[in-house]
Amino acid sequence: MWSWFGGGGGGGQRKDSPKDAILGLRSHLDMLQKRERHLQNQIDEQQNIARKNANTNKNVAKAALRRKKTHEQALDQTIAQIGTLEQQINSIESANINRETLAAMEKASQAMKQIHGKLTPEKVDETMEKLRDQNALSQEIVDAITGATIGEQVDDMELEEELDQLQQEQLDEAILKTGHVPLSDAVHKMPTPANAERTSPPSPLVSSQLTIAAVSSRRQAVEEEDDEEAELRKLQAEMAM
């Protein structure tokens, strides 16, 4: 017990760690609690002896009461010692927890310092600027790749001329087969009023085609007029009856 409070040991004695001190105090506390139970049993035993001999043998009863008083004094001291040890254990445990908490916080601070290293807000801004530049460069590369045309571009005028040639060939075939120009093709070949001034004069072949188309249109109109006259005469005859 004396060694726990700084007495007894030499100057070179090793200082116990908090954990060892707590274990030693708890061991001594367990011993005091056993002594407390033993003294309480002795008190109860002497109390029973005094009761049994209170009327028959007063000397034995008084001796038992004196031993009881002695045990009660020892019990009070033991209870006080138990309370002191329990308080000391709680203090050491709290101090040890505080020390370990502080040590953990110091380790966390060192870890944060090691993680950050030479990292500064300026370096972060510089890195982010580099990332933005690289992203912009990547987008420019993508635009250049997707917008590039592989091979020579085809002239739209050449396509229009080739298309007109195909249409003319189809029209010539139709004339050879039917003997007249289809009306839709003839109208399609005629220049519009908006660009009539800018359109070059039609070729002889186109002029002949337009003439044939006009004749066909007049013939169709005459036939339709004859049909209407015949229908009108039929109605007049029915009314006369």
Check your understanding: For Lys62, what accessible area in Å² do you get when you roll a 1.4 Å probe over the heavy atoms of the protein chains, rounding to the nearest 10?
Key -> 120
Review point. Ordering Leu131, Leu85 from largest to smallest accessible area (1.4 angstrom probe), what's the sequence?
Key: Leu131, Leu85
Review point. To the nearest 20 debye, what is the magnitude of the charge dipole of segment 18-117 about its Cα centre, counting +1 on the Cβ of each Lys and Arg and -1 on the Cβ of each Asp and Glu?
Key: 640
Check your understanding: So how exposed is Arg99, as accessible area in Å² (1.4 Å probe, rounded to 10)?
Key -> 130
Check your understanding: What ³J(HN,Hα) values, in whole Hz, does the Karplus curve 6.51 cos²θ - 1.76 cosθ + 1.60 give for segment 131-145 when θ = phi - 60°, with x put for Gly and Pro?
Key -> 5, 5, 5, 5, 5, 5, 4, 4, 5, 4, 5, 4, 4, 5, 6
Exercise for review: Give me the percent of the accessible area of segment 18-117 that comes from carbon and sulfur atoms, probe 1.4 Å, all protein chains in place.
Suggested key: 51
Exercise for review: Restrict the search to segment 64-97; then list the GluC sites (Glu not before Pro) that DSSP places in a loop and that have at most 10 other Cβ atoms within 10 Å of their Cβ.
Suggested key: none
**Study point:** Accessible area per residue, Å², segment 18-117 with all protein chains present, probe 1.4 Å
**Key:** 73
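The values are calculated or read from the model by the stated rules, or taken from the named source; none is laboratory data. Source: prediction; values computed, not measured. Note that each Cβ is placed from the backbone with ideal geometry, even for glycine, and that neighbours are counted across all protein chains shown. SASA here: full protein model, heavy atoms, side chains in, ligands and nucleic acids out. Shrake-Rupley method; radii C 1.70, N 1.55, O 1.52, S 1.80 Å.
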